[in-house]
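Okay, so here's the structure we're looking at.
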């Protein structure tokens with residue numbers, strides 16, 4: 001399934017009928033990185049965060065602050081700044097939040113995220129307030145820009161950055177897959193299932209949970225930096241609880257404990273939000289109905305449909 005999905009995404013700019021679908025794919029790929037970072041916490045670590053947007057927004061603002069010092073280039077510097085911003089914000093927040101469990105952890109992360117949102121909303125001289133930061137360049141390398149115009153002449157704007165978004169998503173998927181399949185990832189799953197037993201076996205569970213929190217924040221910052229480069233701005237709405245709720249829905253609809261499920265959920269939510277909203281303003285009803293149906297009848301998410309088909313065969 002990952003190979004088929006990758007083949008479709010790589011070939012998309014060559015057969016898509018319009019630039020619009022490339023734009024939809026870029027936004028879905030960015031949300032997929034964001035969803036995979038949350039799935040590391042929720043699915044593998046058993047930590048339901050409702051404030052993950054804080055690190056997503058911090059990554060976007062990091063690009064905005066770096067822009068005056070690095071105009072017109074430095075793609076890797078922008079992305080690294082987003083990840084660093086997520087790590088810096090996650091260390092103090094996680095040091096306090098991971099001491100809690102369950103609903104208390106969820107409410108703590110929500111409270112911290114709302115504090116960060118309020119700071120971004122009020123600190124006008126640093127964040128731009130409600131206007132945010134604009135004029136952030138896409139920072140696509142010159143050779144990729146030229147190649148994009150040659151290969152995709154009808155997609156001069158979206159084409160080159162599509163390569164950036166796809167590369168970031170593939171590398172994030174590979175990195176998070178390596179983490180979840182490592183001894184660290186296995187220990188994290190053991191802590192999720194029975195923290196007391198893992199502690200009795202000698203595992204420092206607090207440090208494992210904090211490390212997972214920081215790693216997830218780094219990848220959320222990466223997603224935030226990518227969306228800031230694509231859209232050209234950063235504003236407080238990227239820090240708001242609504243953003244955390246949307247990515248949480250994407251993870252649950254796609255399927256927790258599966259990075260591929262998070263990717264599928266991100267694409268589904270993006271298509272519902274962008275495509276169906278162009279036909280009706282009540283797209284939230286459809287998304288809510290699907291979310292309820294998944295929770296009631298498909299607890300494993302969309303990814304479980306493929307698993308069920310494989311088991312039947």
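The values are calculated or read from the model by the stated rules, or taken from the named source; none is laboratory data. Worth saying up front: this structure is predicted, and the values here are computed from it rather than measured. Neighbour counts are summed over all protein chains in view; Cβ atoms, including those assigned to glycine, are modelled from backbone coordinates with ideal geometry.
Test residue 86 against the criterion of being modelled with pLDDT under 85, part of a helix (DSSP H, G or I) and surrounded by 17 or more Cβ atoms within 10 Å (Cβ to Cβ), and give yes or no.
Working: modelled with pLDDT under 85: no; part of a helix (DSSP H, G or I): yes; surrounded by 17 or more Cβ atoms within 10 Å (Cβ to Cβ): yes.
No, not satisfied.
Please determine, by comparing only the residues of the range 149-173 that are assigned to a helix (DSSP H, G or I) and either more than 29 Å from residue 259 (Cα to Cα) or in contact with a strand residue (DSSP E or B) (Cβ under 8 Å, 6 or more places away or on another chain) (or both), which one is modelled with the lowest pLDDT. If you could, list the steps in order and put the result at the bottom.
Keep residues of the range 149-173 that are assigned to a helix (DSSP H, G or I), which gives 149-151, 153-155, 158-173.
Now narrow it down to the ones that are either more than 29 Å from residue 259 (Cα to Cα) or in contact with a strand residue (DSSP E or B) (Cβ under 8 Å, 6 or more places away or on another chain) (or both): 149-151, 153-155.
Details: 149: 54, 150: 57, 151: 54, 153: 52, 154: 47, 155: 51.
Ranking the candidates gives 154 first.
If the requirement is being in contact (Cβ under 8 Å) with a residue 60 or more places away in the chain, within 30 Å of residue 184 (Cα to Cα), surrounded by fewer than 24 Cβ atoms within 10 Å (Cβ to Cβ) and within 21 Å of the chain's Cα centre (by Cα), which of these qualifies: 31, 6?
Numbers: 31 fails: surrounded by fewer than 24 Cβ atoms within 10 Å (Cβ to Cβ).
Result of the check over 31, 6: 6.
Given the conditions (1) surrounded by fewer than 24 Cβ atoms within 10 Å (Cβ to Cβ); (2) modelled with pLDDT of 90 or more; (3) not in a helix (DSSP H, G or I), which single one is not true for residue 72?
Against the list (1) surrounded by fewer than 24 Cβ atoms within 10 Å (Cβ to Cβ); (2) modelled with pLDDT of 90 or more; (3) not in a helix (DSSP H, G or I), residue 72 comes up short only on (2).
Among the residues in the range 263-278, are any out of contact with any helix residue (DSSP H, G or I) (no Cβ under 9 Å at 6 or more places or on another chain) and either part of a helix (DSSP H, G or I) or farther than 22 Å from residue 162 by Cβ (or both)? Step through it out loud before you land on a result.
Residues of the range 263-278 out of contact with any helix residue (DSSP H, G or I) (no Cβ under 9 Å at 6 or more places or on another chain): 278.
Add one more test, that the residue is either part of a helix (DSSP H, G or I) or farther than 22 Å from residue 162 by Cβ (or both), and what stays is 278.
Checking the range 263-278: at least one residue is out of contact with any helix residue (DSSP H, G or I) (no Cβ under 9 Å at 6 or more places or on another chain) and either part of a helix (DSSP H, G or I) or farther than 22 Å from residue 162 by Cβ (or both).
Cβ-Cβ under 6 Å, sequence separation 6+ or interchain: first residue in the range 230-258 and on the phi > 0 side of the Ramachandran plot, partner modelled with pLDDT of 90 or more and surrounded by 21 or more Cβ atoms within 10 Å (Cβ to Cβ). Which pairs?
Matching pairs, first to second residue: 255/261; 257/43.
I want to confirm something. Restricting to the range 174-195 and keeping residues that are assigned to a helix (DSSP H, G or I) and out of contact with any helix residue (DSSP H, G or I) (no Cβ under 9 Å at 6 or more places or on another chain), which single residue is farthest from residue 29 (Cα to Cα)?
Start the filter on the range 174-195 by keeping residues that are assigned to a helix (DSSP H, G or I), which leaves 174-181, 183-193, 195.
Next cut, out of contact with any helix residue (DSSP H, G or I) (no Cβ under 9 Å at 6 or more places or on another chain) only: 174, 181, 183, 193.
Details: 174: 14, 181: 22, 183: 28, 193: 30 Å.
Per the criteria, the residue is 193.
So which residues in the range 229-249 are surrounded by 23 or more Cβ atoms within 10 Å (Cβ to Cβ) and farther than 17 Å from residue 54 by Cα, if there are any at all?
Across the range 229-249, the qualifying residue is only 229.
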